[in-house]
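One structure below.
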Amino acid sequence: MTPDQIAAAGLRYEVEGPVATITLDRPEVRNAQTPTMWRALAAIGREIPDDVRVVVVRGEGSSFSAGLDRAMLSPGGGDGEETVAGLLAKSDEEVSATIDEYQQGFTFLRDPRFVSIAVVQGHAVGAGFQLALSCDLRVVADDVQFSMKESALGLVPDLTGTKPLVESVGYARALEICATARTVGVPEALEIGLVTVAVPAADLDATAADLVIALTAPMAGAVRETKALLMAASGRSLSDQRRFEREAQVRRFRELAGLLAGQD
């Protein structure tokens, strides 16, 4: 995508060395999200260079994201490009295929090529909560309020947030959070493992920067292999996981040996 197309979708995208930063840039509506934004996120995900090691996702202004732009629920509302209401005119199969395209704006953040970090302040509601959940790590300000609001609208979370939520807090707590659409504050989020670290808002940028430095210090291959191992661990038997660990370690030994040989 061109910079103008990215900006028109309400985003900024910057790559500096091994770090890519994606910023939701609609502060006037608390970074409310649209289908156009989701499609742009998916396109950005396909374009991230292979040498990027960390992807930072953040929101401009006082909130990370207030979720779906409510104007998108009305015909002709939102950014004029595409509305959720427009889905109703499609067949069930077409609706499902369209949502799949939206979901790709979230799933790329799980790519084992890099570690993704959500830097969250203010509100992370609905689609905003799911975008934060799509990232590997969540660094948050102590004013953050998480909420899965979809049930209050008669909907379900459909932007890939249900699986990481269950993996973070367990089935029962995830069900209660989603079904009640209640707010989760920072003390509870820390207690139940929803966030990685919480700091005063004034320290958020510095804390995120320190984490980026720590994640880019080890060899890139070691971090990527470790992420791939951990992501798949819960779905494997111990025997299978042991095998994948061995295979990954062989690759690491080979790369290290090649580097050492190149120094001779």
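The values are calculated or read from the model by the stated rules, or taken from the named source; none is laboratory data. Worth saying up front: this structure is predicted, and the values here are computed from it rather than measured. Methodologically, a virtual Cβ is constructed for each residue, glycine included, from the backbone with ideal geometry; neighbour enumeration extends over all protein chains shown. When the accessible area is computed, the model is the full protein with side chains, heavy atoms only, and any ligands, DNA or RNA have been set aside. Shrake-Rupley method; radii C 1.70, N 1.55, O 1.52, S 1.80 Å.
A Cβ distance below 9 Å, combined with a sequence gap of six or more or placement on separate chains, defines the contacts here; from the stretch 154-175, residues that are more than 22 Å from Arg70 (Cβ to Cβ) reach residues that are charged (D, E, K, R) and part of a helix (DSSP H, G or I) in the pairs Pro164/Arg110; Leu165/Arg173; Val166/Arg173; Ala174/Glu167.
Of all residues in the stretch 151-166, exactly one satisfies the criterion of being part of a loop (DSSP other than H, G, I, E, B), more than 18 Å from Leu11 (Cβ to Cβ) and open to solvent by less than 10 Å² (accessible area, probe 1.4 Å), namely Gly161. Applying the set (1) touching an Asp or Glu at 6+ places or on another chain (Cβ under 7 Å); (2) assigned to a helix (DSSP H, G or I) to Arg246 leaves exactly one unmet item: (1).
Residues that are out of contact with any helix residue (DSSP H, G or I) (no Cβ under 7 Å at 6 or more places or on another chain) and open to solvent by less than 60 Å² (accessible area, probe 1.4 Å) within the stretch 233-249 comprise just one, Ser237. Mind checking which residues of the stretch 112-150 are open to solvent by 10 Å² or more (accessible area, probe 1.4 Å) and under 13 Å from Gly67 (Cα atoms)? His123, Val125, Gln145, Lys149, Glu150, listed by residue number. Every test in (1) touching a residue at least 40 places away in the same chain (Cβ under 8 Å); (2) part of a strand (DSSP E or B); (3) open to solvent by less than 30 Å² (accessible area, probe 1.4 Å) is passed by Arg12 save one, and that test is (3).
Scanning the stretch 239-255 finds no residues that are more than 24 Å from Gly17 (Cα to Cα) and in contact with a Ser or Thr (Cβ under 7 Å, 6 or more places away or on another chain).
Yes/no matrix, rows are residues, columns are (1) touching a Ser or Thr at 6+ places or on another chain (Cβ under 7 Å); (2) within 29 Å of Val144 (Cβ to Cβ); (3) not β-branched (Val, Ile, Thr):
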{"site": "Ala8", "(1), (2), (3)": "no, yes, yes"}
{"site": "Thr21", "(1), (2), (3)": "no, yes, no"}
{"site": "Arg26", "(1), (2), (3)": "no, yes, yes"}
{"site": "Arg30", "(1), (2), (3)": "yes, yes, yes"}
{"site": "Arg39", "(1), (2), (3)": "no, yes, yes"}
{"site": "Ala43", "(1), (2), (3)": "no, yes, yes"}
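Only a single criterion out of (1) at pLDDT 95 or above; (2) open to solvent by less than 10 Å² (accessible area, probe 1.4 Å); (3) assigned to a helix (DSSP H, G or I); (4) touching a Ser or Thr at 6+ places or on another chain (Cβ under 9 Å) is not satisfied by Gln103, namely (2). Among all positions in the stretch 39-47, there is no residue which is closer than 18 Å to Val139 by Cβ and open to solvent by less than 40 Å² (accessible area, probe 1.4 Å). Checked across the stretch 76-97, the condition of being in contact (Cβ under 8 Å) with a residue 40 or more places away in the chain, outside any loop (DSSP other than H, G, I, E, B) and open to solvent by 10 Å² or more (accessible area, probe 1.4 Å) holds for no residue.
Given the criteria touching a strand residue (DSSP E or B) at 6+ places or on another chain (Cβ under 9 Å), open to solvent by 40 Å² or more (accessible area, probe 1.4 Å) and under 28 Å from Ala222 (Cβ atoms), does Glu60 qualify? No; evaluated as a whole, the condition is false for this residue. A single entry from Ala198, Ala257 fulfils the requirement of being out of contact with any Gly (no Cβ under 9 Å at 6 or more places or on another chain) and assigned to a helix (DSSP H, G or I): Ala257.
The rows are residues; the columns are (1) basic (Lys, Arg); (2) in a helix (DSSP H, G or I); (3) open to solvent by 30 Å² or more (accessible area, probe 1.4 Å).
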{"position": "Arg173", "(1), (2), (3)": "yes, yes, yes"}
{"position": "Ile177", "(1), (2), (3)": "no, yes, no"}
{"position": "Ala189", "(1), (2), (3)": "no, yes, no"}
{"position": "Leu194", "(1), (2), (3)": "no, no, no"}
{"position": "Leu204", "(1), (2), (3)": "no, yes, no"}
{"position": "Glu225", "(1), (2), (3)": "no, yes, yes"}
{"position": "Ala228", "(1), (2), (3)": "no, yes, yes"}
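Residues of the stretch 22-35 that are open to solvent by 30 Å² or more (accessible area, probe 1.4 Å) and free of Cβ contacts under 8 Å to residues at least 60 places away in the same chain: Asp25, Arg26, Pro27, Glu28, Val29.
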